[in-house]
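Engineer: Here's a structure for you.
Derivation of every value follows stated rules applied to the coordinates shown; laboratory data play no part. Just so it is clear, the model here is predicted, and its values are computed rather than measured. As a convention, Cβ positions derive from the backbone with ideal geometry for all residues, glycine included, and neighbour counts pool all protein chains shown.
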Amino acid sequence: MTIFDRRTSTVRLSSRQSRLNLKHLTAPKDIHHDFGIDVVEGLNKFPKSIPSKYFYDQLGSELFERICDLDEYYPTRTETAILQSYAAEIAAITGECELIELGSGSSTKTRILLDAYRDRGDRLRYVPIDISGSILSNSAIALLSDYPTLAIDGFVGTYELGLQHLPQPHLPTRLLCFLGSTLGNFSPDECDVFCDRLAGVLQAGEYLLLGIDLQKSKSVLEAAYNDRLGVTAAFNLNLLRHLNYKFEGDFDLTRFEHAAFYNQEQHQIEMYLRSLGRQRVNLRSLDLSIDLEPNETMLTEISRKFNLKHLARDLESKGFRHIRSWTDPNHWYGLVLCQILPLR
């Protein structure tokens, strides 16, 4: 049984020895998202864009979990295989530590790390941060069932809000995990700001574990974002359904199609929604109307592909010491472990 405390927006297990503390974050800094200012700005630009955070309503989160299981979508299974091979080594390097995870989702890969620390006899503490409250709650309750000594402090909200509300550490150090190649969804400027924020949140000696998709052939990359079953297309189009619900919109999903291609010059996948004809769309609660021409596109996501050496150099410029990197046999994907250096 769970109890929701309206005064603190916190969910706790009703057990006397509660091991779950789940907090919904709604700070003034989230107003940009709540009131759709970012949507208005993106749709008034040329070319148009929609922030990728709007992918993740409940259906969007479920569709993304299905994407991760697709034959063409290699990142999830490849990252999982690397973790299975090297989690014990990661645990040995960091020692007993709290796991913080940005974009935790179903926490499936996190279990591999939890197993490695449990096998060492370490205490287990987990701080998941995810924008989907239902998925975070369900995964947290499942984890508590499978790990009887685990304690969880979870946060429902954006990465930025979660990082602002991190609890004081209970264990000797912390490992902040940012898996799933999500770093690639940031532009170079956004990535710089994000890494500066991480460096400001972590204390000297604490660790950062990044999962990154590496540069590879165009054919492999484009297949991963244009699957034969059309799950990625459904995920992309569901963004419009979410905008309709959230902002009283009238996007007709049948008048748009999914498009994704690899920009070799920028080393990034670019995902778009393409208008199938001339049309006007309204978002009534935003007092916004936009006109779209035939074949006009709206950018919904980028996914940058990295060079390991270049990324390690960039992280060192932000105050991180590169410790180890691991890849799969094809060198398609990488895990990077860094440690924050003391301020000079």
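Engineer: Can you list the residues, at least 5 places off or on another chain, whose amide H is less than 5 Å from the amide H of PHE306, using H built in the peptide plane?
Structural biologist: ASP213, LEU214, GLN215
Engineer: Separate question: For the stretch 146-281, evaluate the Debye formula with one uniform point scatterer on each Cα (no solvent term) and list log10 I(q)/I(0) at q = 0.11 Å⁻¹, rounded to two decimals.
Structural biologist: For the stretch 146-281 at q = 0.11 Å⁻¹, log10 I(q)/I(0) is -0.64.
Engineer: Magnitude of the Cβ-charge dipole of the chain, K/R +1 and D/E -1, about the Cα centre, nearest 20 debye?
Structural biologist: Working: 38 positive and 45 negative charges, 155 e Å.
Approximately 740 debye in magnitude.
Engineer: Let me ask another. With θ taken as phi - 60° and the coefficients 6.51, -1.76 and 1.60, list the Karplus ³J(HN,Hα) couplings across the stretch 54-64 in order, rounded to whole Hz; mark glycine and proline as x.
Structural biologist: 7, 4, 9, 7, 4, 5, x, 5, 5, 5, 5
Engineer: Then there's this: Past the 29 Å Cα-Cα mark, which pairs from LYS246/LYS318; LYS48/LYS318; LYS23/LYS48; LYS45/LYS246; LYS23/LYS216; LYS109/LYS216? Display every interim value, and only then the final one.
Structural biologist: Details: LYS246/LYS318 37 Å; LYS48/LYS318 32 Å; LYS23/LYS48 34 Å; LYS45/LYS246 21 Å; LYS23/LYS216 40 Å; LYS109/LYS216 23 Å.
Check vs 29 Å cut-off fails for LYS246/LYS318; LYS48/LYS318; LYS23/LYS48; LYS23/LYS216.
Engineer: Give me ILE50, ILE141 sorted ascending by neighbouring Cβ count inside 10 Å, so fewest comes first. Mind dumping the intermediate values first?
Structural biologist: On the way: ILE50 22, ILE141 15.
The order, fewest Cβ neighbours first, is ILE141, ILE50.
Engineer: Right, something else. Nearest 10 degrees, 0 to 90: what angle lies between the long axis of helix 308-317 and the longest principal axis of the chain (Cα atoms)?
Structural biologist: Here the helix axis deviates by roughly 70 degrees.
Engineer: Among ILE129, ILE82, what is the fewest-to-most ranking by other Cβ atoms within 10 Å?
Structural biologist: Working: ILE129 25, ILE82 20.
If I rank by nearby Cβ atoms, fewest first, I get ILE82, ILE129.
Engineer: To continue, here is another question. Cα to Cα, under 16 Å, and not fewer than 8 places away if on the same chain: which lysines meet these conditions relative to LYS218?
Structural biologist: Counting by Cα, and skipping residues close in sequence, LYS218 has these lysines nearby: LYS305.
Engineer: Hey, which aspartates and glutamates would be in cross-link range of LYS309, C-alpha to C-alpha under 12 Å, not counting anything within fewer than 8 residues on its own chain?
Structural biologist: none
Engineer: Jot down the per residue volume, in cubic angstrom and as a whole number, of the convex hull over the alpha-carbon atoms of the chain.
Structural biologist: On the way: hull volume 50.6 nm³, N = 344.
Convex hull volume per residue, Cα atoms: 147 Å³.
Engineer: If the viscosity is 0.692 mPa s and the temperature 37 °C, what Stokes-Einstein diffusion coefficient in µm²/s follows for the stretch 172-224 when Rh is the Kirkwood radius over Cα pairs?
Structural biologist: Details: Rh = 12.9 Å.
Result for D is 255 µm²/s.
Engineer: Could you please report the charge total around ARG66, scoring K, R as +1 and D, E as -1 over all other residues with beta-carbon less than 14 angstrom from its beta-carbon?
Structural biologist: On the way: positive: ARG77, ARG228; negative: GLU62, GLU65, ASP69, ASP71, GLU72, ASP227.
Every neighbour counted, the sum reads -4.
Engineer: How far is helix 133-146 tilted, in degrees, relative to the longest principal axis of the Cα atoms in the chain, given as a value from 0 to 90 rounded to the nearest 10?
Structural biologist: Once rounded, the angle reads 30 degrees.
Engineer: While we're on this one: Which of the peptides 121-128, 183-190 is most tightly packed, and how do the rest follow, judged by the mean count of other Cβ atoms within 10 Å per residue? Walk me through the numbers before you get to the answer.
Structural biologist: On the way: 121-128: 20.2, 183-190: 15.1.
Sorting 121-128, 183-190 by mean packing, highest first, produces 121-128, 183-190.
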